[in-house]
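Below is one structure, written out as structure tokens; comments come after it.
The values are calculated or read from the model by the stated rules, or taken from the named source; none is laboratory data. Quantities reported herein were computed from a predicted structural model and do not represent experimental measurements. All Cβ positions, even for glycine, are placed from backbone atoms using ideal geometry, and neighbour counts span all protein chains on display. Just so you know, the surface numbers come from the protein's heavy atoms only, side chains and all, with ligands and any DNA or RNA stripped out. Shrake-Rupley method; radii C 1.70, N 1.55, O 1.52, S 1.80 Å.
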Amino acid sequence: MDKYDVKMALKACYSARPRDFSIVDVPEMQFLAVDGQGDPNSSQSYSEAVEGLFSVAYTLKFHSKAVHGRDFTVGPLEGLWRGSEEDYIRRDKVNWKWTMMIPQPDWIGADTLATAREKAWSKKRLPAIQELKLMSLHEGPSVQILHVGPYDNEGPVLARLHHEYMPNNGLARNGDHHEIYLNTPGRTAPEKLKTILRQPVRSLDAD
């Protein structure tokens, strides 16, 4: 049985260099997702959202393999973050709105999600499980870079992106700030955390 791995199927979207910005064309993708608001370092709803996401994501994987004969690797945790550019740079997280998500193969549908959600809910009644949804996202042209180190050290990189790289290349924001977490915070030393920082963009020439 072939196993689908989004990081291999869309390798350019899940790899980046740590010093230089690069542009990648991100195709339409499907995600298991949940919305929320607040500081991820202190919000209980955020912790429950992430736990619920992974609980259902693994249930989807095992259900797909057993029922549909199609296996896949559970993808990394990703997040869309909404706020002002200065909020990102200052790391002022209290008012941040977020959508946490895990990529899903295109054969996972609403009926399969409903079954997986029910199974996961029977094991642990996390409120976020009932709020999970499948959503499509097409970011198109995007600038990305690999950040190595604590999440709170992203500010200077984002300042360089928004105040130097994008203006110098005639680009403007065209979507939410997107982060892809390539390893697990609780199992990885802060200085070794690897996060792809992505910003969908459009050309100012098109205005």
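A few points about this structure:
- Rg/Rh, computed from the Cα trace of region 89-207 with Rh as the Kirkwood radius, has the value 1.03.
- Residues in region 127-180 average 42 Å² of solvent-accessible surface per residue, probe 1.4 Å, ligands and nucleic acids excluded.
- Filtered chymotrypsin sites (Phe, Trp or Tyr not before Pro), region 1-107: DSSP coil and at most 15 other beta carbons within 10 Å: Trp107
- Translational diffusion of region 24-65, µm² s⁻¹ [Kirkwood Rh, Cα pairs; Stokes-Einstein; 25 °C; 0.890 mPa s]: 201 µm²/s
- Normalised by the number of residues in region 1-148, the average gap of Cα pairs under 8 Å and 6 or more apart makes the relative contact order 44 percent.
- Highest mobility in the GNM of the chain, judged by mean-square fluctuation with C-alpha springs under 10 Å and restricted to Thr112, Thr188, Thr59, is found for Thr188.
- Only Cα pairs under 8 Å and 6+ residues apart enter the sum, and on that basis the relative contact order of region 64-207 stands at 29 percent.
- Folded to 0 to 90 degrees: helix 44-63 orientation relative to the chain principal axis, Cα: 50 degrees
- The calculated pair-distance distribution of region 1-54 uses every alpha carbon pair, bins of 10 angstrom beginning at 0, and gives 18, 30, 39, 14, 0 percent.
- The order of Arg125, Arg70 by accessible area, most exposed first and with a 1.4 Å probe, is Arg125, Arg70.
- Paramagnetic label zone (point 7 Å from Cα along Cα-to-C-beta, Thr184; backbone N under 18 Å) in region 47-65: 47-62
- A Förster distance of 45 Å, applied to the separation of the beta-carbon atoms of Ala172 and Lys3, puts the FRET efficiency at 0.70.
- Per residue of the chain, the DSSP helices (runs of n ≥ 4 H) give a summed -39500 (n - 2.57) that works out to -7500 deg cm²/dmol at 222 nm.
- Degrees between helix 110-123 axis and first principal axis of the chain (Cα, 0 to 90, nearest 10): 80 degrees
- Debye-sum result for the chain in log10 I(q)/I(0), which assumes one identical scatterer on each alpha carbon, at q = 0.09, 0.14, 0.18 Å⁻¹: -0.36, -0.86, -1.35
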